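This report refers to the structure that appears directly beneath it.
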Amino acid sequence: SQTCDVLIVGGGAAGIATAASLLRRRPGLDVVIVEPSERHYYQPGWTLVGAGVFTPERTMRETCRLIPTGARWIQDSVVDFAPEADQVRLSDGRRIGYRALVAAPGIKLDWDAIPGLSETLGRNGVTSNYRFDLAPYTWKLVQELKGGRALFTQPPMPIKCAGAPQKALYLSADHWQRTGALKNVDIEFHNAGAVLFGVKDYVPALMKYIERYGVDLRFNSRLTAIDGEARRATFAVTDADGAVSEVVRDFDMIHVCPPQTAPDFIRASPLAADSGWIDVDQATLHHNRLDNVFGLGDACSAPNAKTAAAARKQAPVVAENVISMLDGKALKAVYDGYGSCPLTVERGKIVLAEFGYGGKLLPSFPAWMLDGRQPTRRAWHLKAQALPEIYWVGMLKGREWLCAPDCVEPGVAPRTRAA
Ligand code: FAD
C-alpha cells in the first residue's frame, strides 16, 4: 500500500484550502488529496446563479487546476477508515497509509428523504439552488412566473449555508417586485425551524424584507413529500403543543432546500460522534478520540455555521495543528467558530451575518465601514465581486493574509509563507 505524510479526504473548499495552507507552512510535506470529482464548485455562487447574476461557469473549475503544487491528487472516493492501522480504503480497494489524516468530505444532501422529490427536480416547477445543474432552472422559473403560488422550504438544522433558502426567496421576490408580478404571486416560506435566522441581531433587517415582499412566514413546517405532476407539496406542521398535522399546498413553483446529514461513510465510521458528524474538538479541530486525525468543513461536529467562510478560517488552524502534531508539539491554533452568511435581501443589497460560537458577532469591518446588521451595497459588492476572488486566489491557494489574517491566535502561529 502507498503512504504519505498527510492524507486529506475531500478536495472541496476545506480540503483544498487545508492542503494549500499545509504546503505554505511546510513545502516538501507529502500531501495526498483523495477526491472523486473532476470538478470543484464555488457553491456560494449558486445563490447568484439562481438569480441570474452569475453564469454557472463562474462557479466551477477543474479540480486538477486547484490541487496545490506539491500535493498529489488521487481521483477516487474513500469508503472506510482503519485508524488503528493509520489507513483509509478507497473504492477501488487500494489502501493508503498516513501519518496524519484530515477529513473534509462535506455534507450529504439527502434528496431521497423527501418522497417524490428526486424524480421531479428540474421539472414541474421544482427547483433548488443546492445543485449546480438546477440553479439556472431557478432563474428560469422566476422569470417565467407572472402569478400564482411560490413555495420556499427550509429543512431542520444543521444545513450548509443556513441562509441560502431565504436568499433564494428574497432574490426571487425582488425580481417579481421589479417586474410588477409580485402583487400576483403568493409567497410562502416553510421553515422547519422556529426562527427566521439563528442569530437574533440580523432578524429585524430580514423581517423588513419578509414584510416588503408580503411573505407568508410559516415556522415549524417541514416538507415531507412532493407530487410534481400534481404540483402539490405536503408539510408536517408542529403546533405550540407539539401536535403534528399534515398541510398540503399547491404550487406553481417550489424552491427546495434538501434535508442534510453527515455523509454515510462518515456516519458508519470510527470517526463519527453519535450525531454522525466527525467528532472533533471545536477549538483545535483535533479528533476527540483519534490522535492523528483532524476534521473540518461541513462534515465536522463543531457547532459553527456550516459555510465556506468557516472552512476558510478552519483550514489554517488545522494546518497549524497538523504540523505541531507531526513535530510532537502541543496543538496551539484555535478556531473561534467564525462563519458568515451574506443574506442577499435584494439584488444589490446584502445583510452580512458574521458570527462565531454562541452567536457572538464577529464582524470583519468596523460598523462605520460596513454594518452587517443593515442591508448595504458594500456587502453586495463584497459577495458578488470580492469573495469569489478571495476564494479562488486566497483561500484555495493558502494565502491566509489575503483572507483570514486573524484565523490563528496572534503570537502563536509561526507563519512560513512560501515565496
Ligand atoms: P465541499 O466544498 O462540499 O467539499 C466536499 C468534497 O468532498 C467534495 O468535493 C466531494 O466530492 C468530496 N467527497 C465526498 N465524499 C467523498 C469521499 N467518500 N471520498 C473523498 N472525497 C469525498 N458558504 C459561504 O461561506 N457563504 C455563502 O454564501 C454560501 N452559500 C451557499 C449557497 C448554497 C446554495 C450552497 C449549496 C452552499 C453555500 N455555502 C456558502 C456553503 C459552502 O459551499 C460549504 O459550507 C463549503 O463548500 C464546505 O466546504 P467542505 O469542503 O466542507 O465541503
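On the principal axes of its alpha-carbon atoms, segment 240-330 has extents of 60, 27, 26 Å, going from largest to smallest. For segment 109-167, a Kirkwood radius taken over Cα pairs fed into Stokes-Einstein (20 °C, viscosity 1.002 mPa s) yields D = 171 µm²/s. With neighbour counts taken as other beta-carbon atoms within 10 Å, the residues 325, 369, 207 rank, fewest first, as 369, 207, 325.
Taking the chain as a Gaussian network of alpha-carbon nodes connected by springs under 10 Å, the highest mean-square fluctuation of the residues 339, 180, 11 belongs to 180.
The Cα-based radius of gyration and maximum Cα-Cα distance (Dmax) for segment 1-123 are 16.8, 50 Å.
The tail of the calculated P(r) for the chain beyond 27 Å holds 51 percent of all Cα-Cα pairs. Summarised in one figure, the compactness ratio Rg/Rh of segment 97-245, Cα atoms and Kirkwood Rh, is 1.01. Using a Förster distance of 35 Å, how high is the FRET efficiency between residue 183 and residue 229, based on the Cβ-Cβ distance and rounded to 0.05? Computed FRET efficiency for residue 183 and residue 229 comes out at 0.75. Could you state, as a whole-number percent, how many of the C-alpha pairs of segment 290-398 are farther apart than 19 Å? In whole percent, the long-distance tail amounts to 52. Here is the list for segment 28-134: trypsin sites (Lys or Arg not before Pro) lying in DSSP coil, each with at most 11 other C-beta atoms within 10 angstrom of its C-beta, are 123. Taking the chain as the reference, fit the longest principal axis to its C-alpha atoms, fit the long axis of helix 203-212 to the helix C-alpha atoms, and give the angle between the two in degrees, 0 to 90, nearest 10. The helix 203-212 is inclined about 30 degrees to the chain.
Legend: Rg and Dmax of segment 218-265, from Cα coordinates, 12.9, 37 Å.
Legend: distances between Cα atoms for 140/313; 306/397; 167/332; 140/306; 349/397; pairs beyond 26 Å are 140/313; 167/332; 140/306; 349/397.
As a length-normalised measure over Cα pairs under 8 Å and 6 or more apart, the relative contact order of segment 1-105 settles at 39 percent.
No lab work stands behind these numbers, since they all come straight from the coordinates. This is a predicted model, so every value here is computed, not measured. Backbone-built Cβ (ideal geometry, glycine too); neighbour counts: all protein chains shown.
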